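Data block below; observations after.
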Amino acid sequence: MEIFDVLTSMAKTGRLGPVFSGADWSDVTAALGEPWEIGTMSRNRKWPRLFSYGDLELSVCRCRKVSLICIQTWRDIVELPLPVVGETGTFPGGLKYANVVSALDRAGCSWEPHARLTSGNQCSLTAIASGANFTFEIPEGEEPVLNVMGLPGDGHECFARTAGQDH
């Protein structure tokens, strides 16, 4: 499996194996094992929390649902969990805009420019099928390079409150 296969599949389906917006956190950890915990998303609250399986980052709501998903692709080597990508789980980074667009087109995944996230030294595109966003950094005088690929959140507002979980 190549990194472009992973990204185009996610862009078409909105998921990476058991990982999708709204997935139950216990299902994700049962399939992928325990993640590395990065910490909270806010200084004032314990939830949502950010977890990582290599360069796959997941925000988890206090209701224990996955609320945001992204793959950090700006590194030289992109590491993804073996249970969902197989083989080594490592891929080369530095993905060029033209190669990403070509891979999406070959996979039959329609996309459009994302004007709101395009300005100055970055540009962005969105896959129509899933709303997946690809944001590229534009180094001076060079072709845009993929910085991050993310799947949209499920938009839920969590009202789950259990003792000690929200503050």
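The values are calculated or read from the model by the stated rules, or taken from the named source; none is laboratory data. All of these numbers come straight from a predicted model, not from anything done at the bench. Cβ atoms come from the backbone with ideal geometry, glycine included; neighbour counts cover every protein chain shown. For accessibility, only protein heavy atoms count, side chains too; no ligands or nucleic acids. Shrake-Rupley method; radii C 1.70, N 1.55, O 1.52, S 1.80 Å.
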For the chain, what's the relative contact order in percent, using C-alpha pairs closer than 8 Å and at least 6 residues apart?
24 percent
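So if I place +1 on the C-beta of Lys and Arg and -1 on the C-beta of Asp and Glu, and nothing else carries charge, what would the dipole magnitude of the chain be about its Cα centre? I want it in debye, nearest 20.
Approximately 740 debye in magnitude.
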Can you give me the solvent accessible area of Glu142 with a 1.4 Å probe, rounded to the nearest 10 Å²?
100 Å²
Between the Cα axis of helix 3-13 and the main Cα principal axis of the chain, the angle (0 to 90°, nearest 10) is 60 degrees
In nm, the gap between the two label points placed 7 Å beyond Cα toward Cβ at Cys158 and Arg106 is 3.8 nm
To the nearest 10 Å², what's Ser9's accessible area with a 1.4 Å probe?
60 Å²
Measure off 7 Å from each Cα along the Cα-to-Cβ vector at Asn99 and Thr118, then give the distance between these two points in nanometres to one decimal.
2.2 nm
Name the most mobile residue of Gly131, Gly33, Gly89, meaning the one with the largest mean-square fluctuation, in a Gaussian network model of the chain with Cα contacts below 10 Å.
Gly33
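I need to check one value: relative contact order of segment 76-150, counting alpha carbon pairs closer than 8 Å and at least 6 residues apart, in percent. Let's see the in-between values first.
Numbers: 112 pairs, mean separation 16.6, N = 75.
Here the relative contact order equals 22 percent.
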Local charge sum around Ser26 (other residues, Cβ-Cβ under 15 Å, Lys/Arg +1, Asp/Glu -1)?
+1
Computed label-point distance, nm, for sites Asp76 and Thr29 using a 7 Å Cα→Cβ extension
3.4 nm
Gaussian network model of the chain, Cα within-10 Å springs - most flexible of Ser52, Ser102, Ser67
Ser102
Identify, among Val60, Ile71, Gly89, the residue whose Cα sits farthest towards the positive end of the charge dipole of segment 58-97, taking +1 on the Cβ of Lys and Arg and -1 on the Cβ of Asp and Glu, with the dipole about the Cα centre.
Val60
